[in-house]
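Engineer: Here's a structure for you.
Any read-out appearing in this document is the output of simple, stated calculations on the displayed coordinates, not a laboratory observation. All figures in this text were calculated on a predicted structure; none of them were measured in a lab. Cβ atoms come from the backbone with ideal geometry, glycine included; neighbour counts cover every protein chain shown.
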Amino acid sequence: MSRREPVTLTNMCMIKNKDKILVLDRNDPVWPGLTFPGGHVEEHESFHDSVIREVEEETGLTIKNPKLAGVKQFYDQENHRYLVFFYIATKFEGQVQESNEGKLTWMTKDELLNSKLAYNFDHDLPVYFDETISEHMLDGKRDELF
């Protein structure tokens, strides 16, 4: 039995500015709706560096000291594991600049929770907002928070 498996590595970052959160309204036809900026980890790139790069590409902001909040894992159509490292950043430089990923908006937590979110993103949010939860596992048979 092999201890190796194909894995896709990605990240997502909740950027906070006082009581506001930067939200991305994705125009991706596969996963549209509100979510946080993020993307794929490149070969030989640290998770930390990848979230800084992805946030800058999608928002124009350079985040400082992003903190790992937790992780989501699920299996894709090919039954390969897909990991999303969830980060929170409260310090950043620059001006918000939209990319082709979608529209950016600053929202309160309540506004976010009462908006049209990307599919299943509401199940990810407890990892960001509840310090006792650090993992969201989704595998077709279960949808659990740990």
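Engineer: From the set of residues in region 12-65 that are part of a loop (DSSP other than H, G, I, E, B) and crowded, with 17+ Cβ neighbours inside 10 Å, which is farthest from the chain's Cα centre (by Cα)?
Structural biologist: 61
Engineer: Return the residue satisfying two criteria in turn: it lies in region 69-103 and is hydroxyl-bearing (Ser, Thr, Tyr) and farther than 24 Å from residue 29 by Cβ, and of such residues it is surrounded by the most Cβ atoms within 10 Å (Cβ to Cβ).
Structural biologist: By that ranking, first place goes to 87.
Engineer: Considering only region 66-76, state which residues are under 16 Å from the mean Cα position of the chain (by Cα) and part of a loop (DSSP other than H, G, I, E, B).
Structural biologist: Correct list: 66 only.
Engineer: Something else about it: Is it true that residue 146 is touching a residue at least 12 places away in the same chain (Cβ under 8 Å), closer than 15 Å to residue 59 by Cα and more than 16 Å from the chain's Cα centre (by Cα)?
Structural biologist: Answer is no for this residue.
Engineer: Looking at (1) among the hydroxyl-bearing types (Ser, Thr, Tyr); (2) free of Cβ contacts under 8 Å to residues at least 12 places away in the same chain; (3) touching a Pro at 6+ places or on another chain (Cβ under 8 Å), can you tell me which one residue 59 breaks?
Structural biologist: (2)
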